[in-house]
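Any read-out appearing in this document is the output of simple, stated calculations on the displayed coordinates, not a laboratory observation. Everything quoted here is computed from the prediction, not taken from an experiment. Every residue, glycine among them, receives a Cβ derived from its backbone with ideal geometry; neighbour counts consider all protein chains shown.
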Amino acid sequence: GLNFQQAFFDEKYGALRFYPSKLIKSIMRAVVESSKKGVVTASLAMITVSKYLKNLHQTQEEVNESLNDTLSSLKFQAYFLSPLIAGIVSTLAIVIIRILRGLSAQSEILGPTAGPFVESFKNIPITPFEFVMIVGIYMIETSFILGMFINGIENGEDKIGQQNIIGYSLAVGFVIFVASLFLTLMIFGPLVSTVATQ
């Protein structure tokens, strides 16, 4: 028992009352208003809207193609490059701290001839664990920022998509970070131990 306008926009029975798309609601409102002036006007309005949507879709596809390189580089950086660099930097810091502590231990054997500069290596104010924690926090911040950029390019303002991308990049990044950290430590750790003992 509803008319054409009420069938779509009635507060109790309208077909679009719970539909989330503002675009569909605006299009149907334009069609309903044009139908008040006749069937020919409504059909012309629907043809015009369909052409507009087709052109809009083509424009969106072209924009996606132009942003595809940027998007793929951001994903590569978020999922692989940043965690890999963070793991390697952590290993380098651990190696440097071990070398400096080894030098300070050797300076105790040499006595005062080693000089105050070498003796100052005894009191390095940061442990390897603290440095790994700092780099891990940096990696988390990088994942958040890159996830926001990736989601903004792909989906616009989509909070759920943003949380999904950030969570995925954190999970993948953590695995790569830990793997690169342990792999590089296995490669360079024994070298540092042999250098320190010589």
Gain in span if fully extended, L183 to N64, counting 0.36 nm per residue against the direct Cα distance = 39.1 nm
Of all C-alpha pairs within the stretch 23-108, those more than 16 angstrom apart amount in percent to 74 percent
Across the stretch 75-86, in residue order, what do the Karplus-derived ³J(HN,Hα) couplings come to in whole Hz, using 6.51 cos²θ - 1.76 cosθ + 1.60 with θ = phi - 60° and x for Gly and Pro?
-> 5, 4, 5, 6, 8, 10, 5, 4, x, 5, 5, 4
Could you give me the ³J(HN,Hα) list for the stretch 32-43, computed from phi with Karplus coefficients 6.51, -1.76, 1.60 and θ = phi - 60°, whole Hz, x at Gly and Pro?
-> 5, 5, 6, 5, 5, 9, x, 5, 5, 5, 5, 5
Partner aspartates and glutamates for K75 [C-alpha distance under 12 Å; skip if fewer than 8 residues away on the same chain] = E154
Please work out the FRET efficiency for the pair L16 and I137, using the Cβ-Cβ distance as r and a Förster radius of 45 Å; give the result to the nearest 0.05.
-> 0.45
Ignoring the sites themselves, what is the longest stretch of the chain with no chymotrypsin sites (Phe, Trp or Tyr not before Pro) in a DSSP loop and at most 12 other beta-carbon atoms within 10 Å?
-> 19-198
With at most 15 neighbouring Cβ atoms within 10 Å, loop trypsin sites (Lys or Arg not before Pro) (DSSP) excluded, longest segment of the chain = 38-198
In whole Hz, the Karplus estimates of ³J(HN,Hα) for the stretch 4-20 (6.51, -1.76, 1.60; θ = phi - 60°; x where Gly or Pro) are 4, 5, 5, 4, 9, 10, 5, 5, 9, 10, x, 5, 9, 5, 10, 7, x
Spherically averaged projected area of the chain from its Cα convex hull (nm²) | 17.6 nm²
For a label point 7 Å from the Cα of L81 along Cα→C-beta, name the residues of the stretch 136-159 whose backbone N is under 20 Å from it.
-> 136-154
Straight-distance crosslink candidates among lysines, where the alpha carbon sits under 23 Å from K51 and sequence neighbours closer than 8 are dropped = K22, K25, K36, K37
Stretch gain in nm, segment M46-I126, where the contour uses 0.36 nm per residue and the Cα spacing is subtracted = 21.9 nm
Between I153 and K54, what is the label-to-label distance in nm when each label sits 7 Å out along the Cα-to-Cβ direction?
-> 3.1 nm
For L67, what charge total do you get from the other residues with a beta carbon under 15 Å from its beta carbon, if Lys and Arg give +1 and Asp and Glu give -1?
-> -4
